Amino acid sequence: MTTQKGPIIIITGTPGTGKSTHAQLLANESPIPLRHINVGDWVKEKGLYENYDDKWQSYTVDEDKLLDELEPIVAEGGIILDWHTCDVYPERWPDLVVVLRCDHTLLWERLEKRGYPLEKIQENNEAEIMQVVLDEARSSYPDLPVVELQSEGPDQLESNVARIIEWIQAWKNDHADEES
């Protein structure tokens, strides 16, 4: 999707892989102003859900409402969408899809620290082992760059953000003529 203001970047991954931390650092360090939207928080704040599932301690998202709310913001460009899934977004939206991955043992510890119920930890851990989010991203955006990055500590966080910033700089250079 060509935009005037900046690229549309999706940062996705199993819960606990560091999406929000990456997205916020990226928004802070980007050479182009980027707005970070934590989609899970946004869904709660704007009431873009059908109900709350007590068993899984999560909201059932109303995808139509979510997309209707995001459409005008995405159309402006310069945005990072941070969420544990990506297949809900139209293929025309993103310029880059980043899938964060994490060793399943470390992921388990992170989710325990969040206080997730055992069944939810097990489900998310299995999803990470089976690379569900990565496969979802690749099948949803076959013609776009889908980048898989390990996210297991501060060094990887910094190098991942630096790598995405290099991509943003290249995007900016490729779209320089659109700014005039």
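The values are calculated or read from the model by the stated rules, or taken from the named source; none is laboratory data. Computed from a predicted structure; not experimentally measured. When we count neighbours, we look across all protein chains shown, and the Cβ atoms used for this are built from the backbone with ideal geometry, even at glycine. Surface accessibility is based on the protein's heavy atoms, side chains included, excluding ligands, DNA and RNA. Shrake-Rupley method; radii C 1.70, N 1.55, O 1.52, S 1.80 Å.
For region 123-151, which residues satisfy the criterion of being closer than 25 Å to E166 by Cβ and open to solvent by 80 Å² or more (accessible area, probe 1.4 Å)?
Residues satisfying the conditions are R138, P142, D143.
Given the options G115, G78, name the one that is among the small types (G, A, S) and open to solvent by less than 40 Å² (accessible area, probe 1.4 Å).
The unique qualifying residue is G78.
Criterion first (at pLDDT 95 or above and not small (G, A, S)) does D82 satisfy it?
Here the answer is yes, as D82 does meet what is asked.
I need a count of the residues in region 152-180 that are part of a loop (DSSP other than H, G, I, E, B), open to solvent by less than 90 Å² (accessible area, probe 1.4 Å) and either in contact with a His (Cβ under 8 Å, 6 or more places away or on another chain) or free of Cβ contacts under 8 Å to residues at least 24 places away in the same chain (or both).
1
Looking at region 86-106, can you tell me whether even one residue there is open to solvent by 80 Å² or more (accessible area, probe 1.4 Å) and in contact with a Phe, Trp or Tyr (Cβ under 8 Å, 6 or more places away or on another chain)?
yes
Identify, please: which residue in region 30-60 is of a type in the set (A, V, I, L, M) and in contact (Cβ under 8 Å) with a residue 24 or more places away in the chain and is, among those, surrounded by the fewest Cβ atoms within 10 Å (Cβ to Cβ)?
Result: I32.
Tell me, which strands (runs of 3 or more DSSP E) wholly within region 17-117 include 1 or more residues that are more than 21 Å from A170 (Cα to Cα), under 16 Å from the mean Cα position of the chain (by Cα) and of a type in the set (D, E)?
Filter on region 17-117 gives 79-82.
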